[in-house]
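The values are calculated or read from the model by the stated rules, or taken from the named source; none is laboratory data. Remember, it's a predicted structure, so these values are computed and weren't measured experimentally. Heads up, the Cβs are rebuilt from the backbone with ideal geometry, glycines too, and the neighbour counts pull from every protein chain shown.
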Amino acid sequence: MTVRSPLTKAKLSPNQLEKQRQIIEAARVVLARDGLAACTTRAVEEAGPLAKSAIHYYFSDMDELVDQAMAQHLQAFMDRLRAAAAAHEDPSRRFWAAVEEFLGIFAQMPSTALLWFDYWIDATRKGRVEPIDRLNREVTAIYEELLAAVPVPEPQLHAEALFSCLLGLIVRQTVQGPIDALRPLISQICAVDVPS
């Protein structure tokens, strides 16, 4: 594939933006269903309504398309965390609901963990760390906001520690199955009492 500068949203018509969105959605489907290694131009073409030439037109390379599709996955993930927290009024329960939703997503769909880690490894090997850094910052920001409302001293520090812990727990959960005794560990890391 020839590498060229990507089209900016300012240069795209509404029709072109819709075509670009369709391609990103097709890539999301392939990533969720088959994983990162299977997300090829041909697979995206087969999953969506547009030809391979459209993919080449709207994206400079597959890395750019994968980054955008993963950003959409992240947004859906973040929306689920926020919705879980919003279902509760008590700040402590909001925090725990977001933690349980985080782990629940990966427990329900173990392939999601593999996709995330494959993506992180691939992007890091290719020196494209900005999307990974953005992902980390956005997830950490949700927990920082929830911890600040509890309130917990140094919510940013606790949120960063929590996110690191959750990433490790995802790996354990993928290999060993659901972990039942997580609350005391998370409570200790974040200084938030386990609700009774």
Tell me which residues, restricted to segment 129-159, are part of a helix (DSSP H, G or I), surrounded by 16 or more Cβ atoms within 10 Å (Cβ to Cβ) and at pLDDT 95 or above. T140, I142, Y143, E144, E145, L146, L147, A148, P155, H158, A159
The lone exception for A38 - which of (1) in a helix (DSSP H, G or I); (2) without any contact (Cβ under 8 Å) to a residue 60 or more places away in the chain it fails: (1)
Please go through segment 44-57 and pick out each residue that is in a helix (DSSP H, G or I), crowded, with 16+ Cβ neighbours inside 10 Å and touching an Asp or Glu at 6+ places or on another chain (Cβ under 8 Å). I55
With (1) touching a helix residue (DSSP H, G or I) at 6+ places or on another chain (Cβ under 9 Å); (2) part of a loop (DSSP other than H, G, I, E, B) as the list, and S60 as the residue in question, which single condition is left unmet? (1)
Go through (1) in contact (Cβ under 8 Å) with a residue 60 or more places away in the chain; (2) surrounded by 13 or more Cβ atoms within 10 Å (Cβ to Cβ) and name the single condition K126 misses. (2)
